[in-house]
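The values are calculated or read from the model by the stated rules, or taken from the named source; none is laboratory data. Just so it is clear, the model here is predicted, and its values are computed rather than measured. Glycine also receives a Cβ, built like all others from the backbone with ideal geometry; neighbour counts cover every protein chain displayed. Heavy atoms of the whole protein, side chains included, go into the accessibility calculation; ligands, DNA and RNA do not. Shrake-Rupley method; radii C 1.70, N 1.55, O 1.52, S 1.80 Å.
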Amino acid sequence: MSSSERFDCHYCKDSLLGKKYTMKEDTQYCTKCYENLFANCCEACSLPIGCNFKDLSYKDHHWHEQCFKCAKCSRSLVEKAFAAKEDLLLCTECYAHDYSSKCNTCKKTIMPGSRKMEYKGNSWHETCFLCHRCQQPIGTKSFIPKDSGYFCVPCFEKQFAYQCCACKKAITTGGVTYQDKPWHRECFLCIGCRKQLLGQRFTSRENYPYCLECFSNLYAKKCVGCTKSISSLAGAKYISFEERQWHSECFSCMQCSVSLVGRGFLTHRDDILCTDCGREK
């Protein structure tokens with residue numbers, strides 16, 4: 001640089017030759033002008049953070065390196081974990097002591113950043129949230145509260161759940177009780193056709209459940225007229241005579257087919273006849 005060339009502060013125009021200066025956006029400033037124009041004020045001491053100091057920032061707030069301390073215990077937070085509470089910076093120990101939840105089992109503080117479990121306003125260290133029966137950590141698995149304890153699903157089923165009398169597995173939801181025995185909804189089936197009986201009319205024989213159709217086919221009396229089953233369970237009306245049964249609509253004269261319901265009739269061998277046809281015999 002020749003003696004005719006000048007190297008001045010962009011703001012106050014004082015020569016910077018042989019002096020300290022700071023560059024900002026390719027423009028030079030003397031340290032005094034730079035601090036007056038651009039330096040941030042420290043949140044702790046309110047003094048400018050000059051060129052000779054580190055500027056530590058957090059959420060648009062700035063501190064001198066030596067001023068970046070815990071608001072409660074005054075320990076330095078430089079290169080350490082910290083937490084913010086109501087515009088105050090706190091070391092993790094102070095924050096945990098004043099604001100962190102306590103473990104419902106061991107009663108110790110749950111430190112910020114550590115894994116924890118929460119349920120209905122209570123908190124636990126992950127390693128303290130144990131199944132009441134097997135004493136193993138439940139972690140992120142499903143669990144079931146019972147009385148004052150918490151159970152993993154396998155332990156709850158072993159200790160409390162009813163077992164389906166059909167498949168012998170635990171019933172956790174949607175069970176059916178029949179003849180004082182528990183069933184899964186999907187296991188409560190007709191013993192004949194294996195159709196689900198839930199919501200259907202059914203009956204039983206020898207403690208086995210049957211749908212009406214299967215029960216009628218297996219055990220109901222047969223109509224002499226049509227040979228089909230007569231099921232009183234389904235509300236069918238029928239006529240009984242000398243240990244023989246007919247559907248009401250099938251009880252008719254064997255010769256002229258007139259209905260005999262509510263009318264007199266005669267018998268000829270095994271035939272049922274109206275009085276007119278019977279006299280002809």
- Query: Considering only strands (runs of 3 or more DSSP E) fully contained in region 1-84, which possess at least 1 residues that are among the hydroxyl-bearing types (Ser, Thr, Tyr) and more than 46 Å from the chain's Cα centre (by Cα)?
  - Reply: 21-24, 27-30
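Looking only at region 195-211, which residues are among the polar types (S, T, N, Q) and open to solvent by 100 Å² or more (accessible area, probe 1.4 Å)?
Taking region 195-211 first, the residues among the polar types (S, T, N, Q) are 196, 200, 203-204, 207.
Matches in region 195-211: Gln200, Asn207.
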- Per the filter on region 29-66, residues free of Cβ contacts under 8 Å to residues at least 24 places away in the same chain and in contact with a His (Cβ under 6 Å, 6 or more places away or on another chain) are Tyr29, Asn40, Ile49, Phe53, Asp55
- Task: Go through region 160-189 and give me each residue that's open to solvent by less than 50 Å² (accessible area, probe 1.4 Å) and in contact with a Ser or Thr (Cβ under 9 Å, 6 or more places away or on another chain).
- Result: Ala161, Tyr178, Trp183
- Select, from His125, His97, the only residue that is free of Cβ contacts under 8 Å to residues at least 60 places away in the same chain and open to solvent by 50 Å² or more (accessible area, probe 1.4 Å). His97
- Query: Only one residue in Thr203, Thr177 is β-branched (Val, Ile, Thr), farther than 30 Å from Arg263 by Cα and in contact (Cβ under 8 Å) with a residue 12 or more places away in the chain, so which one is that?
  - Reply: Thr203
- Task: Could you tell me which of the residues Leu17, Leu56, Leu88, Leu47 is at pLDDT below 85 and either hydrophobic (A, V, I, L, M, F, W, C) or open to solvent by less than 50 Å² (accessible area, probe 1.4 Å) (or both)?
- Result: Leu17
- Does Pro145 meet the test of being within 30 Å of Tyr119 (Cβ to Cβ) and either open to solvent by less than 80 Å² (accessible area, probe 1.4 Å) or in a loop (DSSP other than H, G, I, E, B) (or both)? yes
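Looking at region 135-142, can you tell me whether even one residue there is free of Cβ contacts under 8 Å to residues at least 12 places away in the same chain, in a strand (DSSP E or B) and in contact with a helix residue (DSSP H, G or I) (Cβ under 9 Å, 6 or more places away or on another chain)?
Looking through region 135-142, at least one residue is free of Cβ contacts under 8 Å to residues at least 12 places away in the same chain, in a strand (DSSP E or B) and in contact with a helix residue (DSSP H, G or I) (Cβ under 9 Å, 6 or more places away or on another chain).
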- Condition met for Gly192 (assigned to a loop (DSSP other than H, G, I, E, B) and surrounded by 13 or more Cβ atoms within 10 Å (Cβ to Cβ)): yes
- Please find, among Cys42, Cys103, Cys9, the residue that is touching a helix residue (DSSP H, G or I) at 6+ places or on another chain (Cβ under 6 Å), hydrophobic (A, V, I, L, M, F, W, C), buried (at least 17 other Cβ atoms within 10 Å of the Cβ) and within 30 Å of Leu130 (Cβ to Cβ). Cys103
- Query: Hey, Trp124 hits all of (1) in a loop (DSSP other than H, G, I, E, B); (2) modelled with pLDDT of 90 or more; (3) within 33 Å of the chain's Cα centre (by Cα) but one; which does it fall short on?
  - Reply: (1)
